[in-house]
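Notes to accompany the following structure.
Every read-out reported here was derived from the displayed coordinates using simple, explicitly stated rules and does not represent laboratory data. Worth saying up front: this structure is predicted, and the values here are computed from it rather than measured. Counting neighbours? That spans all protein chains shown, and the Cβs are built from the backbone with ideal geometry, glycine included.
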């Protein structure tokens with residue numbers, strides 16, 4: 001087993017608060033104390049925070065930062081409506097500018113758009129012509145975004161989501177096809193074990209398939225609880241990351257809450273009900289321990 | 001290891017066709033030839049098929065039958081709208097009458113309603129008062145349905161669905177709470193490994209928790225492919241079924257298709273593109289083999 005550089009481990013802001021405004025900046029110190037090395041922030045809407053101020057607060061706390069784009073039904077690179085597609089591309093270009101302002105080297109997320117359940121849209125069949133047109137629109141749009149990203153020195157990472165969150169890109173093989181179509185050195189992919197658990201035949205094999213295209217990884221339990229509270233087997237997942245010599249960031253996104261009464265919506269984001277810092281630190285310990293066992297070393 | 005009676009294995013009609021009309025009755029012989037012992041049918045809408053004719057065709061093919069209710073936004077026991085709730089209860093009472101006509105001993109499904117993605121509804125938070133009211137409406141409504149079911153000699157089975165398909169009941173512990181509230185000997189639950197894979201901490205433990213309340217089981221891969229094509233571990237699942245001496249029906253629902261191109265919606269039902277009878281038969285062999293290994297015997 002050959003040693004390789006230990007990936008950095010961070011947390012998504014939603015684990016602590018949403019929306020994440022300047023009032024939440026004191027949380028950065030708590031994240032750092034919970035052994036987080038970076039924060040994955042949602043690209044702020046205009047009224048949420050000032051990117052340069054956020055960048056300064058993050059640097060002060062000793063944290064790196066990545067951004068996640070939030071496409072929606074009004075800004076959707078896969079929309080039938082040309083204006084909505086243009087708004088989607090314009091939004092993603094804006095997200096890259098925010099990366100530059102905040103100091104984030106990577107913009108990730110379901111950059112292709114086509115949201116389902118969170119946009120209140122039901123899946124429906126596409127005729128072949130409509131499907132092919134949609135793929136071409138998305139590939140063209142993301143190629144334009146990738147040119148802007150490349151000139152700004154920002155990496156783009158396309159994330160496949162589960163079948164209920166999008167009807168465009170659900171698997172690593174689909175995401176790799178999209179990366180090939182975008183054909184930019186700035187464009188790779190994100191994999192999230194929460195979504196992979198629903199869509200892939202074999203999680204370690206999917207990681208190996210992504211190989212050098214993998215720019216960002218999200219280590220989540222099957223139900224988004226803390227690591228060890230669900231049924232995913234992270235040992236072979238970490239060995240697959242070792243096999244591809246993955247040195248990018250790994251985000252923890254444990255925002256499932258303890259309230260499990262009837263009629264409490266699990267897919268609806270809910271704020272934490274208690275201090276979960278110790279749980280988060282333990283999740284990072286599990287992950288770093290398994291990465292270590294797979295050969296990862298701080299260097 | 002004590003022997004126990006081998007559960008019957010069947011298939012859901014959607015694996016072959018949807019809608020399933022009288023024109024599809026010749027498929028029953030193919031299902032039987034693929035070693036299926038029963039068919040799980042969606043309760044037919046008025047224009048789809050005549051229940052007594054379906055029952056006769058099933059008996060002729062030597063197949064048992066179970067029914068699954070289809071709640072939706074217009075007939076929803078969890079709706080805010082009293083008329084929609086009443087339509088939901090009236091629909092479920094009708095479903096029980098159809099069970100009697102077709103010869104099905106069990107009616108299952110997400111009987112509580114509250115559909116999300118397939119109804120084009122996004123999850124949203126509920127205030128505590130609204131949540132409690134909704135739970136009470138559903139429990140009252142299902143208690144009425146259970147009285148009708150009991151007098152018709154039909155069992156009711158409540159199925160928890162994943163977080164994207166409903167915001168009312170996602171886990172076995174929530175379903176057990178609802179069964180307790182309905183408080184009828186006619187009412188138990190269904191567990192489906194596809195949904196459990198997304199929501200439970202531990203699948204075998206969830207089965208043990210359900211215990212004698214488990215009336216119906218659905219054995220599906222994490223992505224609804226054929227058994228063995230995904231990452232679920234069915235050996236400990238079968239041992240858990242052995243531990244609770246489960247002798248009810250087990251349905252296979254492999255309706256994921258091979259077409260994995262970008263922009264082909266996975267959550268949208270699609271017809272089979274090839275003859276999958278051999279794959280289905282092999283899935284049943286895997287399941288029966290693992291049940292046998294766990295002590296199940298035909299007797």
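Couple of notes before you dig in:
- Per-residue mean of foreign Cβ neighbours for A:119-127 is 5 (Cβ atoms of other chains, 10 Å radius).
- In nanometres and ascending order, the distances from the residue B:244 label point to those of the other copies are 3.7 (point 7 Å from Cα along Cα→Cβ).
- Separation of the stretch A:183-198 from the stretch A:245-262 is 16 Å, based on Cα centroids.
- Taking label positions 7 Å along the Cα-Cβ direction at both residue B:90 and residue B:212, the computed distance is 3.8 nm, reported to one decimal.
- By the beta-carbon count within 10 Å of each Cβ, the least crowded to most crowded order of B:269, A:137, fewest first, is B:269, A:137.
- Residues B:299, A:238, sorted so that the one with the fewest Cβ neighbours within 10 Å comes first: B:299, A:238
- Remark: A:165, B:285 ranked as B:285, A:165, counting other beta-carbon atoms within 10 Å and listing the fewest first.
- Label sites at residue A:298 and residue B:298, each approximated as a point 7 angstrom past Cα along Cα to Cβ, lie 6.2 nm apart.
- Inter-part distance where the stretch A:207-234 and the stretch B:8-66 are each reduced to a Cα centre, Å: 39
- Per-residue average of Cβ from other chains inside 10 Å of B:253-265: 6
- With the convex hull of the Cα atoms taken as the outline of chain B, the averaged projected area works out to 15.2 nm².
- Per residue of peptide A:273-284, the mean number of Cβ atoms on other chains within 10 Å of the residue Cβ is 0.
- Beta bridges by DSSP in chain B, antiparallel share as percent, to the nearest 5: 5
- Label-to-label distance, nm, for residues given as residue B:50 and residue A:59 (7 Å Cα→Cβ offset): 8.0
- MRE, 222 nm, helices only [DSSP H, n ≥ 4, -39500 (n - 2.57), over chain B, to nearest 500]: -12500 deg cm²/dmol
- For residue A:132, the distances from its label point to the matching points in the remaining copies are 5.9 nm, ordered from shortest, with each point set 7 Å beyond Cα toward Cβ.
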